[in-house]
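Trainee: This is the structure, below, for whatever I ask next.
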Amino acid sequence: MKRQLSTISAITLLLILSGCGSSLIIENVDYAQPLESVLVPDSNNEVHDQRYALRFTISGILLREGVEGVQEIRLIRDQAGLYYLTAAGFSSVYQFTPEQGSLKLMNRIAIPGDVLQQPAFNQRGSYIELVDTSNGRTFNLSEV
Amino acid sequence: MNIKKRSPRIRLLLLSFFTLLSGLSVHAQTSDFQLLENFNNDFHRISTEIDQVIDMGALREIELEISSFESRYSDHRTLITAALYPVTFEERVNSLRDRIMVKNQSLSVVDQLNSRIEGLIAETDLFRSRINQLNSEISTLQQNIERSSASESRQAALIRQYRQNLESRDLFVADFLEELINRYQNMDSAERSELSVAADRLQDNPVEILKSIISDYIELSNNRSGLSLPDYVSMRAQHGYFSDVWSRIGEQLTRTFETERSRQARTEIDNMLAAWLASVDNNVWSLLQQEFYDRSIRLSPFTNSSELNRSLHEYIDAAYEISLESNREEDYGKYRNFSDFWNTTVKANWGDLIIAGNILTHSDIAAVDVKLSSWGEAAAPISNLMFILLIVSIAVIVGLVVLLVTRKS
């Protein structure tokens, strides 16, 4: 009897401890930005999105893209929370995932054909659309 | 875009062009960001049009443009609302409609004001044309009077006509001044500020017209051909009326129609009024002195009302003293001469003008009348008949007494 009582107590304690843990997860969060942000880099190649409170430098991206500078960058966030970044003169779209104090490159999506002339992102819910408005080329970035 | 001065047809074409252009951009563009840019540009363009519109017709067109703007972007209202947060698409469109309503009210006021201004312009044009006509007639008459010096009867007729013309002009100006008083004396500050906004559209504002009238009067007063004392006394009366009107509405008028330089405009008219009075007085006092002189009444010189009054009293007082002392027929003749001129000419012919023109007041005239009466009593020669009758009576009595005494004895 005493042994059975100890077992019940141990199970109860385990249940209580598991309930007090920090592993709460909110599912189905929609991070989607309805409209892309068009950001102008300062002299230090830093961009600041005041609406979504985001500031970072694009020097590393410019280095990857092999260009010295850009007049503006286009930035949008999809439902999953991934950031998409590109600019006129780029041949790729950079997909980042936010981490603590950083943006980590997840994927460099190479755009087929010529470099982008006048790129623009559109939020399409399940995917992000890339348009080169100079020539009307349109890409579903989840399929490129 | 400034559409306020364009013709309705051009405005309609421009409106159609922008609608077509925006419509194309909505359908042809494939960037949501660009769509929002277009939305904001269209919104600001319409806002500017509302700010600048100045007539109801153009406002109606902008109302149509807002409806077109709304329908053009209504398919993207969710995107636009998300992008505009915390403002919504509907709030943006409604804000334009609210501003249209406010503008509609203010344009209604402007329309009313425009009607008033147009009425004012028509009145001033009419006045200007009538006064020019009268001035032209006066000028022609003056020339004719100068040319017809050979024929006295013709000259007299022309002078009569000239005076009638001046009287018509005075009456017309008086009517105009009366109209100004009715219109502006009780005007409140709101009306004044509304009128002053539109006053720059008046080619001839009331202040300018007043200046022009005074200038004409000064010229008329300086040109002496054909004018006599009553004409100048009449001008003095007109000046008095003019000054009275100016003191009542001058400030209102200048603050309405000369907003930038109201004080300066008031000073200008004050100076012109002073110059007009000086010119009239220059003629009035010398001609009045001459009128007395022509009737052998030697008054001491005078150049204003109080001096004239003093001069009249001095003359009567001196004559009265002489009449008391000597009581000669000659003194009585002097009295009759003065009394005749005073009663039949000064009081009967010029009385109203003299009072209206501030030459003498009622009490001044009454005081002269009282003294004149005393002078008349003093100057009237005493008759010898009573003395003769007394002597004869005494002689008769003495004769009778002598007769009685001689009969008794």
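Trainee: Any chance the range B:163-186 includes a residue that's surrounded by fewer than 17 Cβ atoms within 10 Å (Cβ to Cβ), of a type outside the set (Lys, Arg) and modelled with pLDDT under 70?
Mentor: Within the range B:163-186, one or more residues are surrounded by fewer than 17 Cβ atoms within 10 Å (Cβ to Cβ), of a type outside the set (Lys, Arg) and modelled with pLDDT under 70.
Trainee: What number of residues in the range A:98-144 are polar (S, T, N, Q), in a loop (DSSP other than H, G, I, E, B) and in contact with a Phe, Trp or Tyr (Cβ under 8 Å, 6 or more places away or on another chain)?
Mentor: Residues meeting the conditions: 1.
Trainee: Please name all residue pairs, on different chains or six or more residues apart, with Cβ atoms under 6 Å, provided the first residue is in the range A:66-85 and is within 14 Å of chain B (Cβ to nearest Cβ) and the second residue is of a type in the set (Asp, Glu) and surrounded by 17 or more Cβ atoms within 10 Å (Cβ to Cβ).
Mentor: Going by the 6 Å Cβ cut-off, the qualifying pairs are A:Arg74/A:Glu36; A:Ile76/A:Glu36.
Trainee: Go through the range A:66-85 and give me each residue that's part of a strand (DSSP E or B) and out of contact with any helix residue (DSSP H, G or I) (no Cβ under 9 Å at 6 or more places or on another chain).
Mentor: Across the range A:66-85, the qualifying residues are A:Leu75, A:Ile76, A:Arg77, A:Tyr83, A:Tyr84.
Trainee: Of the residues B:Leu96, B:Leu35, only one is buried (at least 19 other Cβ atoms within 10 Å of the Cβ), assigned to a helix (DSSP H, G or I) and more than 14 Å from every other protein chain (Cβ to nearest Cβ); which?
Mentor: It is B:Leu96.
Trainee: Only one residue in B:Leu126, B:Leu107 is surrounded by 15 or more Cβ atoms within 10 Å (Cβ to Cβ), of a type in the set (A, V, I, L, M) and in a helix (DSSP H, G or I). Which one?
Mentor: B:Leu107
Trainee: With the checklist (1) exposed (fewer than 14 other Cβ atoms within 10 Å of the Cβ); (2) under 30 Å from B:Lys211 (Cβ atoms) in hand, flag the one item B:Leu273 doesn't pass.
Mentor: Failed condition: (1).
Trainee: If you don't mind, another one. I'd like to know if the range B:311-321 contains one or more residues that are in contact with a helix residue (DSSP H, G or I) (Cβ under 8 Å, 6 or more places away or on another chain), in the same structural domain as B:Trp350 (by TED's automatic domain parsing) and small (Gly, Ala, Ser).
Mentor: Yes, the range B:311-321 has at least one match.
Trainee: Something else now. For the range B:54-63, which residues satisfy the criterion of being at pLDDT 90 or above and hydrophobic (A, V, I, L, M, F, W, C)?
Mentor: Answer for the range B:54-63, where residues must be at pLDDT 90 or above and hydrophobic (A, V, I, L, M, F, W, C): B:Ala58, B:Leu59, B:Ile62.
Trainee: Looking at B:Leu141, is it within 14 Å of another protein chain (Cβ to nearest Cβ) and either surrounded by 13 or more Cβ atoms within 10 Å (Cβ to Cβ) or within 49 Å of the chain's Cα centre (by Cα) (or both)?
Mentor: The answer is no for B:Leu141.
Trainee: Please tell me if B:Ala122 is among the small types (Gly, Ala, Ser) and within 14 Å of chain A (Cβ to nearest Cβ).
Mentor: no
Trainee: So, of the residues in the range A:99-144 that are surrounded by 12 or more Cβ atoms within 10 Å (Cβ to Cβ) and small (Gly, Ala, Ser), which turns out to be nearest to the other protein chains (Cβ to nearest Cβ)?
Mentor: A:Ala120
Trainee: Please go through the range B:252-269 and pick out each residue that is farther than 7 Å from B:Val207 by Cβ, among the charged types (D, E, K, R) and touching a residue at least 12 places away in the same chain (Cβ under 8 Å).
Mentor: Passing the criteria: B:Arg255, B:Arg266, B:Glu268.
Trainee: Can you tell me which residues in the range A:104-144 are over 20 Å from the mean Cα position of the chain (by Cα) and either in contact (Cβ under 8 Å) with a residue 60 or more places away in the chain or at positive phi (or both)?
Mentor: Hits for the range A:104-144 are A:Gly113, A:Gly136.
Trainee: If you take the residues in the range B:69-89 that are more than 14 Å from every other protein chain (Cβ to nearest Cβ) and under 60 Å from the mean Cα position of the chain (by Cα), which one is surrounded by the most Cβ atoms within 10 Å (Cβ to Cβ)?
Mentor: My answer is B:Phe69.
Trainee: Still on this structure, please answer the following. When you scan the range B:275-283, do you find a residue that is in contact (Cβ under 8 Å) with a residue 40 or more places away in the chain, aromatic (Phe, Trp, Tyr) and not assigned by TED's automatic domain parsing to the domain that holds B:Ser228, even just one?
Mentor: There is no residue in the range B:275-283 that is in contact (Cβ under 8 Å) with a residue 40 or more places away in the chain, aromatic (Phe, Trp, Tyr) and not assigned by TED's automatic domain parsing to the domain that holds B:Ser228.
Trainee: Please specify each residue of the range A:35-51 satisfying the condition of being away from chain B (no Cβ under 14 Å) and either out of contact with any helix residue (DSSP H, G or I) (no Cβ under 6 Å at 6 or more places or on another chain) or buried (at least 19 other Cβ atoms within 10 Å of the Cβ) (or both).
Mentor: Within the range A:35-51, A:Pro41, A:Asp42, A:Ser43, A:Asn44, A:Glu46, A:Val47, A:His48 meet the criteria.
Trainee: Right, something else. Out of (1) among the β-branched types (Val, Ile, Thr); (2) part of a helix (DSSP H, G or I); (3) over 21 Å from B:Ala318 (Cβ atoms), the odd one out for B:Val370 is which?
Mentor: (3)
Trainee: From B:Arg261, B:Arg255, which residue is over 30 Å from B:Ser374 (Cβ atoms), modelled with pLDDT under 85 and loosely packed, with under 14 Cβ neighbours inside 10 Å?
Mentor: Every option except B:Arg261 fails the conditions.
The values are calculated or read from the model by the stated rules, or taken from the named source; none is laboratory data. Every value quoted in this text rests on a predicted model; they were computed, and no experiment measured them. Virtual Cβ from ideal backbone geometry, glycine too; neighbours counted across all protein chains shown.
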